[in-house]
Amino acid sequence: MRTLVLAEHNNIELNPQTLNTVTCAKALGSVDILVAGKNCGDVAQACAEIEGVQTVLIADDVMLAHALAETLAPLLVSLAEHYDAILAPATSIGKNVLPRVAAVLDVQQISDICEVVNENTFKRPIYAGNAIQTVQSRDAKKIITVRTTTFEPANPTGGSATLKNIDKVDTPQLSTFVGAELSTSDRPDLASSAVIVSGGRGLGSVENFALLETLADILGGAIGASRAAVDAGFATNDHQIGQTGKVVAPDLYIAVGISGAIQHLAGMKDSRTIVAINSDPDAPIFKIADYGLVADLFDVLPELAQALKQ
Amino acid sequence: MKVLVAIKRVVDFNVKIRVRSDGSGVDTAGVKMSMNPFDEIAVEEAVRLKEAGTVSEIIAVSIGPAQCKDTLRTALAMGADQGIHIETEADLEPLAIAKILQDTAHKEDPDMIFLGKQAIDDDANQTAQMLAALLNWGQGTFASHIDFTEGAAQVVREIDGGLETIKLNLPCVISTDLRLNEPRYASLPNIMKAKKKPIQTVALEDLGLDTTPHLNVLAVEEPAQRKAGQILSSVQDLADKIKEAV
């Protein structure tokens with residue numbers, strides 16, 4: 001099979017979830033990558049160095065600067081005849097763009113796959129990960145978004161793909177990018193961080209939520225949040241982990257003041273080690289935690305920070 | 001403006017689902033069903049826009065078995081004006097749903113179509129995008145705020161890095177995310193009033209659309225379960241375990 005992976009990037013840097021998607025694509029066949037953006041040459045170069053990638057297609061145009069679905073999808077559709085499968089990470093861009101491609105091609109997309117069984121058959125979580133569905137596609141072409149936490153990243157070096165410029169596709173302008181408010185943080189990216197310290201409603205306020213930062217600083221981790229904490233305004237939406245937020249699988253996940261609704265567990269239960277701190281001994285989070293501490297988090301956090309520094 | 005809101009009847013978000021032991025699917029017999037929570041947000045947004053005078057008419061559409069009428073009644077009680085029930089016992093995929101909604105859109109000619117960003121049963125997150133593609137309209141997915149100016153919708157979207165604002169020509173499709181609003185509970189008088197609002201029922205086969213599944217579901221299994229862990233007795237023990245893990 002010939003596959004095309006949609007590179008996720010911000011025109012400057014390649015999002016590492018693209019590497020996991022490449023690994024998934026390799027399970028299906030040969031891999032080309034599409035880098036669509038504006039002044040995205042560095043990203044294309046990074047893609048060319050990924051081990052096992054054959055060709056990097058570059059579509060560099062002002063209309064593609066912001067990955068709008070209305071301009072990016074027609075480009076993918078125009079390339080589809082050369083490929084048996086098109087894949088993207090199940091990020092906010094992949095989820096936004098790929099169904100638009102699938103519908104035009106009359107293909108039933110397979111979302112968020114966690115395993116490739118064979119070139120027609122895939123596993124994917126449903127019901128917030130409480131069931132795993134195995135589906136076999138009858139479509140000649142496959143359109144797939146990838147749950148990146150279940151695939152290892154491809155080696156970002158050692159490749160020597162051919163770079164090839166392609167033209168954008170002219171489309172009526174249905175949408176316009178107005179602006180973005182992106183969270184800036186010196187912390188590692190939530191999706192790829194080895195350690196995540198995550199807070200829930202139990203923290204009680206924005207000020208208290210900031211207590212997690214000490215712990216994250218010591219451990220070099222990212223900060224996550226439950227839906228309840230985001231809804232309450234303790235953290236911004238890009239911190240949300242769960243069924244409809246981000247899916248993460250760090251080496252260590254520390255859940256602080258998170259009760260563990262199934263919707264939250266859906267986003268973190270594949271973490272290697274889960275630690276839970278909660279004052280409620282019956283909190284469902286303890287059913288999946290490797291280590292739990294039933295205590296008042298406001299007592300625990302300072303003491304834990306002290307103990308970890310030693 | 002006229003708004004079409006698509007709503008799905010799903011297993012209630014509070015239900016702990018049970019996977020059938022023969023691997024054939026998830027047991028839904030006798031299980032509490034409700035409107036997909038993201039679709040409730042879509043209905044709520046349409047109703048608020050009507051209350052603000054931006055929207056003049058709200059049509060709720062649901063596709064599925066006879067009981068979808070109950071789900072439509074909920075939307076009518078929240079403030080939708082009329083319902084369309086496209087009746088089928090078939091288990092339809094997002095692409096088929098998008099084709100049906102495209103057909104409904106051609107008949108009803110709405111200015112906007114609102115849908116929840118994903119259904120909490122199949123977690124596909126596709127229908128709104130597919131519908132927008134089939135109609136060749138713009139799409140404002142994962143919306144957390146919507147404004148209107150001169151024939152355009154300005155949509156704030158929840159994206160992985162934060163928030164993004166885009167402007168869409170009308171007509172457009174919008175998929176609603178959690179922070180857009182907090183859906184109301186229908187009041188008893190409104191529930192009573194909703195019983196008198198019209199619901200039009202259409203048999204799916206009468207639409208003449210190809211809704212054949214593209215996927216065979218081979219199996220539905222329980223995920224691997226995590227082993228129960230250990231409750232520690234001191235912060236020092238916890239610190240030791242954390243040090244081991246990193």
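Quick rundown of the values:
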read-out	value
Filter pass, A:A225 being touching a residue at least 12 places away in the same chain (Cβ under 8 Å), more than 10 Å from chain B (Cβ to nearest Cβ), closer than 16 Å to A:L190 by Cα and not charged (D, E, K, R)	yes
One residue from B:V43, B:V55, B:V3 being part of a strand (DSSP E or B) and either touching a residue at least 40 places away in the same chain (Cβ under 8 Å) or crowded, with 16+ Cβ neighbours inside 10 Å (or both)	B:V3
Some residue of the range B:217-238 being free of Cβ contacts under 8 Å to residues at least 24 places away in the same chain, out of contact with any Pro (no Cβ under 9 Å at 6 or more places or on another chain), in a strand (DSSP E or B) and buried (at least 21 other Cβ atoms within 10 Å of the Cβ)	no
Per-region count, the range A:148-158, residues in contact with a Ser or Thr (Cβ under 7 Å, 6 or more places away or on another chain) and either at the interface with chain B (Cβ under 10 Å from one of its Cβ atoms) or surrounded by fewer than 15 Cβ atoms within 10 Å (Cβ to Cβ) (or both)	1
Subset of the range A:284-296 that is more than 9 Å from chain B (Cβ to nearest Cβ) and surrounded by fewer than 22 Cβ atoms within 10 Å (Cβ to Cβ) - its residue that is farthest from A:T91 (Cα to Cα)	A:D296
In the range B:131-143, the residues that are of a type in the set (G, A, S) and facing another protein chain (nearest Cβ under 7 Å)	B:A132, B:A133, B:G138
Test: residue in the range B:13-33 that is among the aromatic types (F, W, Y) and either touching a Pro at 6+ places or on another chain (Cβ under 8 Å) or without any contact (Cβ under 8 Å) to a residue 12 or more places away in the chain (or both)	yes
Unique residue being out of contact with any Pro (no Cβ under 7 Å at 6 or more places or on another chain) and away from every other protein chain (no Cβ under 12 Å) when the list is A:A140, A:A59	A:A59
Positions within the range A:159-180 being surrounded by 14 or more Cβ atoms within 10 Å (Cβ to Cβ), within 14 Å of chain B (Cβ to nearest Cβ) and touching an Asp or Glu at 6+ places or on another chain (Cβ under 9 Å), in sequence order	A:T171, A:L174, A:S175, A:F177, A:A180
Close pairs from the range B:194-207: first within 10 Å of B:L72 (Cβ to Cβ), partner part of a helix (DSSP H, G or I), Cβ under 7 Å, at least 6 apart	B:A194/B:R73; B:A194/B:L76; B:A194/B:A77; B:K197/B:L76; B:I199/B:K69; B:I199/B:L72
Residue among A:T121, A:T145 that alone is within 9 Å of chain B (Cβ to nearest Cβ), under 22 Å from A:A46 (Cβ atoms) and touching a strand residue (DSSP E or B) at 6+ places or on another chain (Cβ under 8 Å)	A:T145
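Yes or no, residue by residue, for (1) of a type in the set (K, R); (2) not in a strand (DSSP E or B):
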site: B:V61; (1), (2): no, no
site: B:A66; (1), (2): no, yes
site: B:D70; (1), (2): no, yes
site: B:L76; (1), (2): no, yes
site: B:A90; (1), (2): no, yes
site: B:A98; (1), (2): no, yes
site: B:L101; (1), (2): no, yes
site: B:T104; (1), (2): no, yes
site: B:K107; (1), (2): yes, yes
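Every number here is computed from the coordinates shown, using simple stated rules; none is lab data. All of these numbers come straight from a predicted model, not from anything done at the bench. Glycine gets a Cβ as well: all are built from the backbone with ideal geometry, and neighbour counts include every protein chain shown.
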